[in-house]
1. Using the beta-carbon distance between Arg263 and Glu66 and R0 = 30 Å, what value does 1/(1 + (r/R0)^6) give for FRET efficiency, to the nearest 0.05?
2. For labels at Arg141 and His300 in the simple 7 Å Cα→Cβ model, what's the distance in nm?
3. Taking the convex hull of the Cα atoms, report for the stretch 89-214 its projected area averaged over all directions, in nm².
4. Taking the Cα centre of each part, how many Å lie between the stretch 61-87 and the stretch 142-159?
5. Scattering from the C-alpha atoms of the stretch 28-107 alone, worked out with Debye: what is log10 I(q)/I(0) at q = 0.18, 0.23, 0.25 1/Å?
6. Can you send over the solvent-accessible area of Lys274, 1.4 Å probe, protein chains only, in Å² to the nearest 10?
7. Using only protein heavy atoms and a 1.4 Å probe, report how much of Ser298 is accessible, in Å² to the nearest 10.
8. List the aspartates and glutamates whose alpha-carbon lies under 20 Å from that of Lys219, not counting same-chain residues fewer than 8 positions away?
Amino acid sequence: MERIFAFLGISMVLIFVGAVVLTTYQSGQRDAKKTVALFEIAPERVDRIRIEGPDGAEALILRAGESWILPDLGDFPADSARVKETLDRLLLTRRILPVGSGVEAQQEYKVADDNFERRLTLSAGDTTLTTVYLGSPQGPRQSHARLAGNENVYAVAFGLYDAEADVSAWIDRNLLQVPAAEIAAIDVSGLHIVHDAQKPGSNHAAAAWHLDGSAGDEKLDGDAVARLADLLGELRVEGIRDSGTQPDYGLDDPQMSLTVTRRDGRRIDVRLGKSALEQDWSLKASIRPEHFRLSGYSAHRLIEAA
């Protein structure tokens with residue numbers, strides 16, 4: 001009988017110890033999964049974003065009212081929607097247990113002061129709010145990160161693509177778009193084509209276009225004009241050309257030229273050219289001083305429509 005009681009006592013002790021170990025393990029697992037915000041910064045406080053790359057590349061983005069600008073490109077408008085999305089994603093980034101700590105880990109994951117893939121500095125005026133180092137990627141839109149002044153390295157859901165150090169990557173590529181609904185007239189190929197917003201059936205884009213000054217025997221392909229208007233509303237440039245080199249952009253003898261008159265009366269002259277030495281296309285619009293690059297696909301669609 002004494003052996004039975006001894007056996008039961010030992011069993012109860014083992015069960016108790018096992019329960020304690022299991023509870024501790026599960027608690028540790030829950031704690032490991034708890035995430036903490038990487039930053040404690042309100043997005044509206046940030047008015048300056050500096051992104052630096054390992055090769056000296058740098059993008060400086062400044063808040064201008066409700067928009068963002070690129071001072072290194074003459075205050076060219078930035079893609080404000082992309083900037084806002086990127087800033088929001090960065091400030092919502094969470095961290096779990098560090099994947100490493102100390103000098104060796106910082107070098108291994110490329111988040112050291114002198115060895116990094118990206119260094120992002122968020123400021124409010126002349127006051128630095130935080131600096132974060134992004135290092136080696138660990139998956140799509142994921143990388144390793146370290147806050148300045150912190151020894152720990154974390155795996156975060158924020159990638160190098162989200163923080164491009166090339167300032168041209170942040171330009172507003174839709175800057176030259178004229179929504180079809182805002183176009184009052186198009187001058188192209190010697191024709192003055194007018195949109196009549198008051199004409200019955202004008203909700204059908206093709207039916208609302210007509211030739212101004214036609215002798216009466218010319219018929220307008222309204223669908224073709226509507227296609228051209230839609231393309232002008234979807235126009236997206238690839239980048240800004242370096243105007244300092246003054247190369248031949250092929251605009252003296254353009255492949256396409258037209259004038260758009262907006263409903264508010266503003267006129268925009270558009271020319272599209274291609275240099276004999278270049279494989280891509282150049283676009284110039286009278287509302288901007290810059291020359292822009294345009295993809296071959298967009299250029300051919302415009303020329304065909306015009």
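The values are calculated or read from the model by the stated rules, or taken from the named source; none is laboratory data. Bear in mind that the values here come from a model prediction, so they are computed numbers and not experimental data. Backbone-built Cβ (ideal geometry, glycine too); neighbour counts: all protein chains shown. Only protein heavy atoms, including side chains, enter the accessible area calculation; ligands, DNA and RNA are left aside. Shrake-Rupley method; radii C 1.70, N 1.55, O 1.52, S 1.80 Å.
1. 0.80
2. 3.1
3. That works out to 14.0 nm².
4. 25
5. So the normalised log intensities are -0.90, -1.11, -1.19.
6. Answer for Lys274: close to 80 Å² accessible.
7. Surface accessible to solvent at Ser298 totals approximately 30 Å².
8. Asp187, Asp196, Glu304
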